[in-house]
1. State all residues of the stretch B:116-134 that are in contact with a Ser or Thr (Cβ under 9 Å, 6 or more places away or on another chain) and closer than 25 Å to B:SER209 by Cβ; if no residue qualifies, say none.
2. For residues that are touching a residue at least 40 places away in the same chain (Cβ under 8 Å) and among the charged types (D, E, K, R), scanning just the stretch B:63-85, find the one that is farthest from the other protein chains (Cβ to nearest Cβ).
3. Which of the following residues is touching a Leu at 6+ places or on another chain (Cβ under 8 Å) and polar (S, T, N, Q): A:ASN346, A:ASN334?
4. Filter the stretch A:122-139 for residues that are over 15 Å from A:THR199 (Cα atoms), open to solvent by less than 20 Å² (accessible area, probe 1.4 Å) and in contact with a helix residue (DSSP H, G or I) (Cβ under 6 Å, 6 or more places away or on another chain) and give the result.
5. Counting only residues that are surrounded by 24 or more Cβ atoms within 10 Å (Cβ to Cβ) and in a loop (DSSP other than H, G, I, E, B), how many does the stretch A:287-312 have?
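The values are calculated or read from the model by the stated rules, or taken from the named source; none is laboratory data. Just so it is clear, the model here is predicted, and its values are computed rather than measured. Reconstructed Cβ throughout: ideal geometry from the backbone, glycine too, with neighbour counts over all protein chains shown. Heavy atoms of the whole protein, side chains included, go into the accessibility calculation; ligands, DNA and RNA do not. Shrake-Rupley method; radii C 1.70, N 1.55, O 1.52, S 1.80 Å.
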Protein chains: 2
Amino acid sequence: MRTTLMRIIFLAIVVTFTAGVPEVKAQEDAWKIGPRTVPASVDVSDVVRESLLKTTTPDVAAAKGLVFTTAKEWKAWAEEGNVPSAAAARALAEALSITIQEDKIAGVNVHHLTPAETAKEHKKHLFVYIHGGAWVRNEGVAGTLEAVLIAAHLKMPVISIDYRMPPKHPAPAAIDDVVAVWKELLKKRSPASMTMGGTSGGANITLASIHRLRDLQLDFPGALYLGTPCVDIDMIGDSRFINEGIDRNLGSWEGVPIEAGVMYAGDYDHKHPYISPIYGDFENFPPTYLITGTRDLLLSDSVRAHRKLRRAGVEADLHIYEGQAHGDYIALWNAPESAEHYAELNAFMLKHLSRPIIPAPTLPTAASKGIEIPKSAGW
Amino acid sequence: MRTTLMRIIFLAIVVTFTAGVPEVKAQEDAWKIGPRTVPASVDVSDVVRESLLKTTTPDVAAAKGLVFTTAKEWKAWAEEGNVPSAAAARALAEALSITIQEDKIAGVNVHHLTPAETAKEHKKHLFVYIHGGAWVRNEGVAGTLEAVLIAAHLKMPVISIDYRMPPKHPAPAAIDDVVAVWKELLKKRSPASMTMGGTSGGANITLASIHRLRDLQLDFPGALYLGTPCVDIDMIGDSRFINEGIDRNLGSWEGVPIEAGVMYAGDYDHKHPYISPIYGDFENFPPTYLITGTRDLLLSDSVRAHRKLRRAGVEADLHIYEGQAHGDYIALWNAPESAEHYAELNAFMLKHLSRPIIPAPTLPTAASKGIEIPKSAGW
C-alpha cells in the first residue's frame, strides 16, 4: 500500500517535471546527443570573451588521436610543454616581483617562491604547491607557473615540489616525494599553518597525498586547494562526456590524459585512492577550496570531490566560473576572473590557516617614546 | 615594453595549456559542436542512475516546438501540470505527515505547511516559499510540492505564496504579492528569523523580490534559498547551449521557457532586475544557498548568481549534483541525493537564521523534582 502510494507520487512528480519533453519510451544505456552551437560566453570579462572569440572549435579527433607509445615520445611531449612553461614562469616571476630559488628538501627538488613583500597575516604561513601537467609535464621551473601567481596574489611564501614523474617514475614516486617534503616541514612548522594544493594532476596528487598521510598517521595541512582536480583517472563523470570538445584546453579525456593516467598508475588499481582519490575516505579532511568552470572537461571531478567532502562533514567551498575551460584561471592569468579566484583562495586561507590571535607587540617608535600618560589623566 | 612582456607571457601560457588541441586558426563567434554519447551517470545513487537509465534521449525538437499563442493554450498547459502536481503534493503531505492549510495574508492566497513536529531549533523560524513552474504553472495546492518536502526535511513551518500569474497577471503581480505577504509577516516576526526561496521560476521571483525590497527600503530575510534559479530570461549562459537536450526536464530554453518568460515580463525590459535579477545590485544580500546539477540547462544561472553574490561579499554556498537535470532533487525526491540536499539546506538555515542563544528553561520533571544537592556535596 505504502509502496503503491510512493509509486503514484513518483509518477505524478515525473509527469509534472517532464511536461516539456516527450514521454519515456524505453530503456537505453546512453543518450545520443546531437550537434550544437556554443557561442562565446556573455557574462564574462572582456579578456575571457575575447579569448573565446579568438579560439576556433576544439578539434576532438586531433585530441583523441594524440597517443604516445614510447618513453621517448612522452619525454618529447613533456619537453614541448616544459620550455614555454618555464619561460612563462620566469617572465611572470619577474613581472610580479617573485624570486624563485632552487633547493632540496629531504632529497626532493623544490623551488622556493618568495614575494617581494609577504602579507603580515601570512608571515607564519606556507603554501605547499604541487604542480599539474598530466603527471608527466612541468619538470623544473616549468612547474612553478601557478606557484608564482599564488605567491603574488596571496603575498604568501610558496614551496613548489618538483616531484618525480613517469615514464621513469610512476606512482607512488610523486606521492612519496610530497610526503617526504611534508615530513621535513613538520619538524619546524605546525601543520595547521600550512596549506597544500595545486591544479589538475597536482590536485590529484594533493588528494592522494592526504590519503597517504592518513595511512602513515601523519598530520594533515590546515587547508587544501584543489584547482579543477582529476579525482578519477577513468572515463567517469558527466562532464567528461558533456564537455568533450567544449573544453578548449583538454579537448577530450581520451588521448593524452587517459594514457598519461594509465602510465602514472603503473601497477596500481585504477580505483586505488592514491590514483583515483575519489575512492578514498574523506573523513577529517582539511577545509577545502575547489575551482572549476562551465566548459571544464573535469567539472564533474570537482562536483564529485565537493560532495564527497561535504558528506564527510568537511567544510568545502565550490567555485565555478562561466566560460572557463580546464585551468583557464592560469591560462588567462590576466583576466579579472583569475584575480577574483586568487582573492577567494586567499580569503579561504586567511579563514582556515592557524594564526596567532595576539599580534607581536609593536615596539614604540622614537617619536612616541617620550609620551607618558600623566597620573592625573582620567579614562 | 611591459605590454610586450605580458603578451609573451600570455602566449607562452596559452601554448602550455592547449598542447592537446590544435593551434588557433581564425576568429569565429560560435563553436559548432558535434554529436556525443552521454551514458547514465556512474557516481550517483541507484535511484538517480535507474531513473537516468529509464529515460530516453530528450527530444529537443519537440521541446522547441512547444509554443503557445493564446491565453487559452497557456491555461490548458498550466492545468495539465497543475493536476498531477496537486495530487503529488497532497499524497506527499499525507505520507510525510504535513498538514496543508489555505489562508489569505494581505489579500494574497497562501498555504501554511505544518510538520507533525517542528524542530526545536526552528520553533521561531518561518520558511517563506515561492513555487516554480515557469511563472505560469502550479496555482493552488500544486505550488506546495517542494514546500511539503521542505517542511518535512527541515521540520520547519512553511508559508507557500500562491502568487498571481500570467497570462492574466504578468510582472510585477507575483513580486507585489510576495512583498505584500512579507510586509504583513514583518509586523509579527523579525526578518532575520525568516528565510525566503524556491526553485526555478520561484527562485527568480525570490531574487526579484529582494531587489524590490531594497527599492522599498524594507528589511531582507535572514537567508535565501535559490534552487536552480532562472536569473536571466534571455538565451544567455553557457549551460543553455551546452546542456540543451541533456537536461531531461527542461530540454531546451527555446519553446515554453523563453515564451513564458516573455509573457511574464510583460512591459518590462528583459534586463530589468525584477525580470532578470542577475542585472540587479547584490550588495548586502542575505546569505544564500544555491543548488543545481551537471545536466541542468540552468547550471550557468546558478554559477552567475553565485559569483555575483560573492563579488558583492555575500556568503553564498554553491552545491552541484552529478547527473541531475533541472529540479531533479524534487522530481527524484526519494533519492538519497534529495535528502542530502535538504540536509545541507537545513544546516545552512540553522547557521544563518537568528536564534535565541539562551534556550528556554526546562522545568524539572516530576521524577527529578525531589532531588536536592546536599550542602555537604563538593564540586
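1. Step one: list which residues in the stretch B:116-134 are in contact with a Ser or Thr (Cβ under 9 Å, 6 or more places away or on another chain), which gives B:116-117, B:124-134.
Of everything in the stretch B:116-134, those that are in contact with a Ser or Thr (Cβ under 9 Å, 6 or more places away or on another chain) and closer than 25 Å to B:SER209 by Cβ turn out to be B:LYS124, B:HIS125, B:LEU126, B:PHE127, B:VAL128, B:TYR129, B:ILE130, B:HIS131, B:GLY132, B:GLY133, B:ALA134.
2. The extreme case among them is B:LYS75.
3. Working: A:ASN334 fails: touching a Leu at 6+ places or on another chain (Cβ under 8 Å).
Only one candidate passes the filter, namely A:ASN346.
4. A:HIS125, the sole residue that qualifies.
5. The total comes to 5.
Listed here are the residues, each with its yes/no results for (1) touching an Asp or Glu at 6+ places or on another chain (Cβ under 8 Å); (2) over 18 Å from B:ASP296 (Cβ atoms); (3) within 11 Å of chain B (Cβ to nearest Cβ).
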residue: A:SER300; (1), (2), (3): yes, no, yes
residue: A:VAL303; (1), (2), (3): yes, no, yes
residue: A:LYS308; (1), (2), (3): no, yes, yes
residue: A:GLY313; (1), (2), (3): yes, yes, yes
residue: A:ILE320; (1), (2), (3): no, no, yes
residue: A:PRO336; (1), (2), (3): no, yes, yes
residue: A:GLU340; (1), (2), (3): no, yes, yes
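Residues checked against (1) at pLDDT 95 or above; (2) among the aliphatic types (A, V, I, L, M):
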site: A:ALA12; (1), (2): no, yes
site: A:LYS25; (1), (2): no, no
site: A:GLY34; (1), (2): no, no
site: A:PHE68; (1), (2): yes, no
site: A:ALA78; (1), (2): yes, yes
site: A:ALA86; (1), (2): yes, yes
site: A:GLU94; (1), (2): yes, no
site: A:GLU102; (1), (2): yes, no
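Table: residues versus (1) over 30 Å from A:GLU121 (Cα atoms); (2) under 16 Å from the mean Cα position of the chain (by Cα).
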{"site": "A:ILE161", "(1), (2)": "no, yes"}
{"site": "A:PRO166", "(1), (2)": "yes, no"}
{"site": "A:VAL179", "(1), (2)": "no, no"}
{"site": "A:LEU185", "(1), (2)": "no, no"}
{"site": "A:MET196", "(1), (2)": "no, yes"}
